[in-house]
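Inspection log for the structure reproduced underneath, given as C-alpha cells.
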Amino acid sequence: MATATQRTELARVIATMMQKQASSKQLARQIAAYLVQEHQTKDLDLILRDVLTARARDGVIEANLTTAFPLSAGVKAEVKQLLKNEYPAAKQFVLDETVEPQVLSGIKVQTADKQLDQTAQAKLDKLTRKF
Amino acid sequence: MIAFVPIFIASAEAAAEPEGIAALGIDPWAILAQAVTFLVLFFLIKKFALTKIVGTLEERRKTIDKGVMLGIEMEKEKTDLDERVEALLQKARKEADTIIAQGHEEAGSMLKEAEAQAQHKADALLADAHNRIAEDIDKAKQELKKDMVELVGMATAAIIREKVDAKKDTQLIERMLEEVK
C-alpha cells in the first residue's frame, strides 16, 4: 500500500496529465496499467480522491452527481450554480453523472471535500439508523 | 482361807441360840466379819486386779470415746460434704441452665439471621428476575421497532419506485436545490 505522500504525488501527476491530455480513456488505461504494475489497485479510491483534491487546488472542481433518472439540462445548470456559490474561486466545473435507480429519487452531489446527499435512499437509511 | 472364816463363824453361831437383835436374824459379828472380808477382798482386788481392769476399762472407754468422736466428726464431715456437693450440684445445674439458655438464644439469633439472609437473597433474585424481564421487554421492543422501521423503509421505497418518475424526480431535485440555496 502506497503512503499518503506517494499517493499525493501520484495524484498531482495524474491531475496534470488530465489537464494536458484530451483523451480520458487513454489516460484511464495508462493509470490502470501503472496501478496494476505497482500493485496499488487497492488504493484506487484514495488516489481518485487525491486527484480530485489536486484538481480542486488547480481551480477545477469535479463533482459526481448520482440520481435515479438522467438529469435534465436545467437541473445540471442549477447544480453548477450551487457549486459556483460553494467554490467561488474555481475556474472550471466538471459534472460526472451516474444513474443509480437504487437511490429511488433525489440527487447526491459529491466533490473532493464535500458531499450533499438528498436522495430518498439516504433519508430512509438515516431513519433506519435513528431507530 | 479367809473366805472360809465367815462360814466357820456362821456354823458356830448356828449352834447357839439367837438373842436380842440376833432374834431378827441380824448378827453384828457376821456383819463385821463380812465387812472385814469385803475390805480385804477389795484391797486385794484393788492391788492385783482393779488397776488392770480399770486400765483396760479406761482404755476401752477411751477407744469407745474416740470412736464416738470420730463418728461424730465423720458425721459432721459427711454433712459438710453433702452440703458442698449439693452446692456444687446447684451451681452446675445453674450453669447448665445458663448454657442451655445461651444455646437457645444463639440458635434463635442464628435462625433469625439465616431467615433474614434467605429473605435478602430471595429479594435479590426477585429484583434480578424483574430486571431481566424488563431488559427482555426492552430488547423485544427495540427489535420490533427496528423491524417496523425496516418494513416502513421497504414500503416507502416500493411506493417511491412506483410513484416517482423522471419528471417528478426532476421537480423534487429542483425543490431540494432551492432549499439548499
**Item:** Filtered residue count, region A:65-104, keeping only those that are out of contact with any Gly (no Cβ under 8 Å at 6 or more places or on another chain), farther than 20 Å from A:LEU52 by Cα and part of a loop (DSSP other than H, G, I, E, B)
**Value:** 6
**Asked** What number of residues within region A:98-107 satisfy the criterion of being surrounded by fewer than 19 Cβ atoms within 10 Å (Cβ to Cβ), closer than 18 Å to B:GLN171 by Cα and in contact with a strand residue (DSSP E or B) (Cβ under 8 Å, 6 or more places away or on another chain)?
**Response** 2
**Message:** Please go through (1) free of Cβ contacts under 8 Å to residues at least 12 places away in the same chain; (2) surrounded by 11 or more Cβ atoms within 10 Å (Cβ to Cβ); (3) more than 14 Å from A:THR8 (Cα to Cα) for A:VAL36 and return the number of the only condition it doesn't satisfy.
**Reply:** (2)
**Prompt:** Residue check, A:ALA112 against (1) at the interface with chain B (Cβ under 10 Å from one of its Cβ atoms); (2) touching a residue at least 24 places away in the same chain (Cβ under 8 Å), all met but one. Which one?
**Reply:** (1)
**Request:** Can you confirm whether region A:55-64 contains a residue that is within 11 Å of chain B (Cβ to nearest Cβ), in a helix (DSSP H, G or I) and of a type outside the set (Lys, Arg)?
**Result:** no
**Asked** Does region A:81-89 contain at least one residue that is of a type in the set (S, T, N, Q), over 15 Å from the mean Cα position of the chain (by Cα), farther than 16 Å from A:GLN6 by Cβ and not assigned by TED's automatic domain parsing to the domain that holds A:ILE107?
**Response** no
**Asked** Across region A:108-124, what is the total count of residues that are under 19 Å from B:ALA166 (Cα atoms), surrounded by 18 or more Cβ atoms within 10 Å (Cβ to Cβ) and in contact with a Gly (Cβ under 9 Å, 6 or more places away or on another chain)?
**Response** 4
**Message:** The conditions are (1) buried (at least 20 other Cβ atoms within 10 Å of the Cβ); (2) away from every other protein chain (no Cβ under 13 Å); (3) touching a strand residue (DSSP E or B) at 6+ places or on another chain (Cβ under 8 Å); (4) not charged (D, E, K, R), and A:VAL51 fails exactly one of them. Which is it?
**Reply:** (3)
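Yes/no per residue for (1) of a type outside the set (S, T, N, Q); (2) closer than 30 Å to A:ALA68 by Cα; (3) within 14 Å of another protein chain (Cβ to nearest Cβ):
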{"residue": "B:GLU95", "(1), (2), (3)": "yes, no, no"}
{"residue": "B:GLY103", "(1), (2), (3)": "yes, no, no"}
{"residue": "B:GLN117", "(1), (2), (3)": "no, no, no"}
{"residue": "B:ALA134", "(1), (2), (3)": "yes, no, no"}
{"residue": "B:THR170", "(1), (2), (3)": "no, yes, yes"}
**Prompt:** Any chance region B:136-144 includes a residue that's within 35 Å of the chain's Cα centre (by Cα) and either surrounded by fewer than 10 Cβ atoms within 10 Å (Cβ to Cβ) or among the charged types (D, E, K, R) (or both)?
**Reply:** no
**Prompt:** Which one is modelled with the lowest pLDDT among residues in region A:90-131 that are among the hydroxyl-bearing types (Ser, Thr, Tyr) and within 18 Å of the chain's Cα centre (by Cα)?
**Reply:** A:THR111
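The values are calculated or read from the model by the stated rules, or taken from the named source; none is laboratory data. These numbers were taken from a predicted model, which means no experiment stands behind them. Cβ: placed from backbone, ideal geometry, glycine included. Neighbour counts: every protein chain shown.
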